[in-house]
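**Q** What follows is a structure written as structure tokens; I'll ask about it next.
Every number in this text was worked out from the coordinates using simple rules, so none of it is lab data. For clarity, every value in this text was computed on a predicted model and none was experimentally measured. Reconstructed Cβ throughout: ideal geometry from the backbone, glycine too, with neighbour counts over all protein chains shown.
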Amino acid sequence: MSNYLIIGASSGIGKALADNLVNEGHYVFGTFNKTTSVASHRLLDMQALDVLDGEIELINIPEVLDGIIYCPGSINLKPFARIKPESYKEDFDLQVIGAIKVIQKYLSHLKKSENAAIVLFSTVAVQQGFNFHTQVSVSKGAIEGLVKSLSAELAPQVRVNGIAPSLTNTPLASKLLSTEDKIKANGDRHPLKRIGEAEDIANMAAFLLSDKASWITGQIYHVDGGMSQIKA
């Protein structure tokens, strides 16, 4: 049984991953912020955390952590001219600085594991370039840089990988998927003709945390229905 810390485990991809890992018999220490959550399984320990509010302070975190997964994100799609510089900073603080604070806080715990891994999240928009995605792509582009640099610095003790999804059916994307017509239209943009589900991304994260990925680090995996690689 392994110990995993999931920041943002109460909703969307984080919740799907927590369920996945618990079902495999692992212990998950999860956090929630705006989405209230109550631990529903003996292997799941949920705590409130706002990564923007000062220091990272969690209780009962074990001395050995086998993985850290950082899920908080935002989807703010606006024309570049209408986005205030402060909005970019807010996203950066949430998605990049928050991840850095958590990793720095618990890096010593990871280094005590025999198979330690970090999983971070980017977006297909970093590689592809989409209209109105500058605010999203700036922070997620930094995440991809963090994955590359941190994986080099922490090897061979800690593996670091990223996942870059396309549009996924989670509460975070609810405004973009509020009707069946929107779901179909967005799905049809992908070669595999559907939008992603939280479990699609969680399955890749679980693989990257596992022993099966013990020779993989510094990678960004595009779990995006084929959007980034092919035209169909």
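**Q** Across bins of 10 angstrom width beginning at 0, how are the C-alpha pair distances of the chain distributed, in whole percent?
**A** In whole percents, the pair-distance histogram is 8, 33, 38, 18, 3.
**Q** Cβ under 12 Å from HIS190's Cβ, HIS190 left aside: what net charge do those residues give with Lys, Arg +1 and Asp, Glu -1?
**A** Surrounding charge for HIS190 is +2.
**Q** Let me ask something else. Work from the charge dipole of the chain (Cβ charges, +1 for Lys and Arg, -1 for Asp and Glu, about the Cα centre) and give the residue of GLY12, SER137, VAL158 farthest towards its positive end.
**A** SER137
**Q** Can you tell me the order of 140-148, 113-121 when each peptide is scored by its average per-residue count of other Cβ atoms within 10 angstrom, highest first?
**A** Listed from highest to lowest mean packing, they are 113-121, 140-148.
**Q** Could you give me the percent of Cα pairs per 5 Å distance bin for the range 11-111, shortest bin first, beginning at zero and ending with the bin that holds the maximum distance?
**A** Here the calculated profile for the range 11-111 is 2, 11, 20, 22, 19, 11, 6, 4, 3, 0.
**Q** Kindly flag which residue pairs out of LYS184/LYS231; LYS78/LYS175; LYS34/LYS175; LYS89/LYS111 have an alpha-carbon separation exceeding 21 Å in this structure.
**A** Exceeds cut-off: LYS89/LYS111.
**Q** With θ set to phi - 60°, apply the Karplus curve 6.51 cos²θ - 1.76 cosθ + 1.60 along the range 99-108 and write out the HN-Hα couplings as whole Hz, x wherever there is a Gly or Pro.
**A** Here the 3J(HN,Hα) series is 5, 4, 4, 5, 5, 4, 5, 10, 4, 5 Hz.
**Q** Could you work out Rg/(2.2 N^0.38 Å) for the range 146-185, with Rg from alpha carbons only?
**A** 1.89
**Q** Okay, moving on. So what's the back-of-envelope 222 nm ellipticity for the chain, counting only DSSP H runs of four-plus at -39500 (n - 2.57) apiece and dividing by all residues, rounded to 500?
**A** Dividing the helical sum by the residues of the chain leaves -10500 deg cm²/dmol.
**Q** Still on this model: Could you rank the peptides 202-212, 80-90 by their average count of other C-beta atoms within 10 Å per residue, with the highest value first?
**A** Result, highest mean first: 202-212, 80-90.
**Q** Using Cα atoms only, what is the angle between the long axis of helix 134-154 and the major principal axis of the chain, expressed in degrees (0 to 90) to the nearest 10?
**A** 30
**Q** Show me 149-156, 68-75 ranked by packing, highest mean number of other Cβ atoms within 10 Å first.
**A** Descending mean neighbour count gives 68-75, 149-156.
**Q** In degrees between 0 and 90, to the nearest 10, how far off the longest principal axis of the chain does helix 12-23 point, with axes built from Cα atoms?
**A** Approximately 40 degrees, to the nearest ten.
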